[in-house]
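The values are calculated or read from the model by the stated rules, or taken from the named source; none is laboratory data. Keep in mind that what you see is a predicted model, and the values were worked out from it rather than measured. Cβ placement follows ideal geometry from the backbone for every residue including glycine, while neighbour counts extend to all protein chains displayed.
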Amino acid sequence: MTADASALQRDEEAPRPWLGSYPPNVTPDLEVPNEFLTDALDRSVQRWPDRTALIYYGARWSYRALGQAVDRWAAGLLRLGVRPHERVALYLPNCPAYPIAFFGTLRAGATVVQVSPLYLGDDLARLLDDAEPRAVVTLGALTPNLVPLLPRRPSIRVIWAGVREFYPLWLRPFVNLALRRQGLPTGAPRGEAFVRWRDVASAPGAPPRRTGDPAREVAVLQYTGGTTGNPKAAMLTHRNLRANVAQVAAWNTRAVSGREVVMATIPLFHIYGLTVALLNGLFDGGTVVLQTRPDIPELLKLIDRYRPTQLPGVPALYQAINLHPEVGRHNLHSISVCISGSAPLLPATAHRFEELTGAAVVEGYGLTEASPVTHANPIDGEHRIGSVGLPMPGTDQRIVDPATGRILTAPGAVGELWVRGPQVMAGYYRRPEETADVLVDGWLRTGDAAQVDADGFTYIVDRLKDMINVGGLKVYPREVEEALATHPAVAEAAVVGLPDPAHGEVVVAVVVRRPQATVTAEELIEYVRGRIAHYKAPRHVEFREALPRTGIQKVLRRTLREELLQTAPA
């Protein structure tokens, strides 16, 4: 519902509430350099030329080598015919091709289009039609997903690399063997549309340095939403992303420039992984350790070997580490800081991970449209259980009644969270109406119901659109999920609302049991009734082996609801 602009105007002179407090060495105000992302990388190359920038399963790139690879790739992209402000899609998992192509594309003056390697078929076709990229960068193993889409899109050039190119020489034969076992191609794709990575990456010379205004130049088209539906891309400028990295750096009071090792397990094609893992690591002289996919036994070995100091992640990742039967055999004590995002962090998950590592595990909050981080609990100050923390330095927040548009200033009042700051997007690509709906006088409407306490700490109640209406009473799925998660037999749970003729909607829970645990639906329903209001308790409980998730491991409630609607009794 569109906010009441007159109500906002009348309340504009109200005193600013909820300033909160950071540790003394962090100021709420932040000076953000108005520079291109490639300028920030250049500074790291100049300051730490011999420090390791990237590690990929034993292969290493120094900052000097990374800078040279970026320049060559940008020159090759221009030679291929890509022009400034055209778009280049990165259809890649976490691997060295990603940072080289990312910064090389920006160096050439083009815009990066983020594409999940999980996309194929109609999902992939819709995204390509929306972004209209001049080129797609991918791995040879993923090219079969593109082949059927190219005849109707003849202007696209596909730059492909063999993933084995980035491994140490001694490992390359084993990579091909693994690909064959998975039924993935190892040879060269055929057709005029395909260009080898090495032919682009070996171009001589360096492209000219960027000119223009970083606050107006779009660096990334970041698609938001689940894996179905019409694609919608947030336009994130160079300054948006540069600002968010500066905000995260100011928040991370434990980081030491030129000394950090960031474990990049979360996918870089997602804005969270791009900003908090890759850009945050490289712009401060850190070493970024890339893991292609979040395999837990492999991750534990990588932590043993490379001793990361930062492990940004999602609750499902931390919980998977907590529950791994051999976690006690690995040394996780190098990890100092973990910021958890994308989904609610249960206190039990955070406490157990802190016991295993000694790290500070704090919950944060953000969204694609804000590059993404807007809130986080202080690392060395007070972090409150259940809260996503304080606004990032340079970020304002307000709670707005979604029905009237009035600003709610009373601590604890529940309404829609609005945020404002230098990290907020320029708008949605080619979607002026949707842009006008979420951007109001510089404020971004998050679509999340939230409340703020008297000290400025923010609590996300739930997505407004996920609220369940039980006989006129509001039920937020998160509250029910948290109650279920305290049961010792529950590994994870998701809650949705299904239509009901008597009550409008009823609460339905889908539960994944812990290994070897036994519990019945009736027992769980009674358990929840003993902790929250009876009308909020699930009417039905279904048990599954796993929950549907996005590439960033966020539970797909919409998909779950659609599946339950198909199987539920009439």
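From the list Glu505, Glu523, Glu545, the one residue that fits, being more than 27 Å from the chain's Cα centre (by Cα) and surrounded by fewer than 14 Cβ atoms within 10 Å (Cβ to Cβ), is Glu523.
This table checks each residue for (1) within 18 Å of Ala426 (Cα to Cα); (2) among the basic types (Lys, Arg); (3) touching a residue at least 60 places away in the same chain (Cβ under 8 Å).
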site	(1), (2), (3)
Leu236	yes, no, yes
Asn240	yes, no, yes
Ala243	yes, no, yes
Trp251	no, no, yes
Ser257	no, no, no
Phe269	no, no, yes
Gly273	no, no, yes
Asn280	no, no, no
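State which residue is farthest from Gly471 (Cα to Cα) when the search covers only the range 496-529 and only residues that are touching a helix residue (DSSP H, G or I) at 6+ places or on another chain (Cβ under 9 Å) and of a type in the set (Gly, Ala, Ser). Among residues in the range 496-529 that are touching a helix residue (DSSP H, G or I) at 6+ places or on another chain (Cβ under 9 Å) and of a type in the set (Gly, Ala, Ser), the one farthest from Gly471 (Cα to Cα) is Ala509. Going by the conditions given, is Arg531 surrounded by 14 or more Cβ atoms within 10 Å (Cβ to Cβ), in contact with a strand residue (DSSP E or B) (Cβ under 7 Å, 6 or more places away or on another chain) and closer than 25 Å to Val414 by Cβ? Criteria not met by Arg531.
Quick one: would you say Glu492 is touching a residue at least 60 places away in the same chain (Cβ under 8 Å) and either within 30 Å of Arg352 (Cβ to Cβ) or buried (at least 19 other Cβ atoms within 10 Å of the Cβ) (or both)? When the stated conditions are applied, Glu492 passes them. Among the conditions (1) of a type in the set (Val, Ile, Thr); (2) closer than 19 Å to Ala491 by Cβ; (3) modelled with pLDDT of 95 or more, the only one that Val373 does not satisfy is (2). Once the range 101-126 is narrowed to residues that are of a type in the set (D, E, K, R) and over 20 Å from the mean Cα position of the chain (by Cα), the residue that is surrounded by the most Cβ atoms within 10 Å (Cβ to Cβ) is Arg107. Among the residues of the range 339-388, those that are closer than 20 Å to Arg557 by Cα and among the hydrophobic types (A, V, I, L, M, F, W, C) comprise Ala343, Leu345, Leu346, Leu367. If only residues of the range 454-468 that are of a type in the set (Val, Ile, Thr) and in contact with a Leu (Cβ under 8 Å, 6 or more places away or on another chain) are counted, the one that is modelled with the highest pLDDT is Thr458. When the residues of the range 548-562 are narrowed to those that are assigned to a loop (DSSP other than H, G, I, E, B) and among the aliphatic types (A, V, I, L, M), which ends up farthest from the chain's Cα centre (by Cα)? Residue satisfying both the conditions and the ranking: Leu556. Quick one: is Val528 closer than 12 Å to Ala493 by Cα and not in a loop (DSSP other than H, G, I, E, B)? Answer is no for this residue.
Scanning the range 447-460 for residues that are within 18 Å of Ser340 (Cβ to Cβ) and not small (Gly, Ala, Ser) yields Asp448, Phe457, Thr458, Tyr459, Ile460. Would you please name the residue that is surrounded by the most Cβ atoms within 10 Å (Cβ to Cβ), looking only at residues in the range 357-414 that are of a type in the set (Ser, Thr, Tyr) and within 20 Å of the chain's Cα centre (by Cα)? Taking the candidates together, the pick is Ser371. Could you tell me whether Ala264 is touching a strand residue (DSSP E or B) at 6+ places or on another chain (Cβ under 9 Å), of a type in the set (A, V, I, L, M) and over 19 Å from Pro133 (Cβ atoms)? Yes. Suppose the filter is in contact with a Phe, Trp or Tyr (Cβ under 9 Å, 6 or more places away or on another chain) and either modelled with pLDDT under 90 or not in a helix (DSSP H, G or I) (or both); does Val506 pass it? It is false that Val506 is in contact with a Phe, Trp or Tyr (Cβ under 9 Å, 6 or more places away or on another chain) and either modelled with pLDDT under 90 or not in a helix (DSSP H, G or I) (or both). Of all residues in the range 127-151, exactly one satisfies the criterion of being under 23 Å from Arg210 (Cβ atoms), crowded, with 24+ Cβ neighbours inside 10 Å and of a type outside the set (A, V, I, L, M), namely Pro133. Looking across Arg239, Arg259, Arg254, one residue alone is among the charged types (D, E, K, R) and buried (at least 24 other Cβ atoms within 10 Å of the Cβ). It is Arg239.
Residues that are outside any loop (DSSP other than H, G, I, E, B) and either modelled with pLDDT under 75 or under 19 Å from the mean Cα position of the chain (by Cα) (or both) within the range 181-228 comprise Arg181, Val218, Ala219, Val220, Leu221, Gln222, Tyr223, Thr224, listed in sequence order.
Pro538: part of a loop (DSSP other than H, G, I, E, B), in contact with a strand residue (DSSP E or B) (Cβ under 8 Å, 6 or more places away or on another chain) and either among the hydroxyl-bearing types (Ser, Thr, Tyr) or at pLDDT 90 or above (or both), yes or no? In short, yes. Pairs are defined by a Cβ separation below 7 Å, a sequence spacing of at least 6 or placement on different chains, a first member in the range 396-411 that is under 20 Å from Thr374 (Cβ atoms), and a second member that is assigned to a loop (DSSP other than H, G, I, E, B) and aromatic (Phe, Trp, Tyr); the pairs so defined are Gln397/Trp18.
When the residues of the range 415-438 are filtered to those that are in contact (Cβ under 8 Å) with a residue 40 or more places away in the chain and closer than 20 Å to Ala131 by Cα, the one that is surrounded by the most Cβ atoms within 10 Å (Cβ to Cβ) is Met425. Taken over the range 229-269, the criterion of being modelled with pLDDT under 95 and part of a strand (DSSP E or B) is satisfied by Lys232 alone. Checking Pro148, Pro154, Pro144, Pro99 one by one, the residue that is of a type outside the set (Ser, Thr, Tyr), in a loop (DSSP other than H, G, I, E, B) and either modelled with pLDDT under 95 or within 24 Å of Leu290 (Cα to Cα) (or both) is Pro154 and no other.
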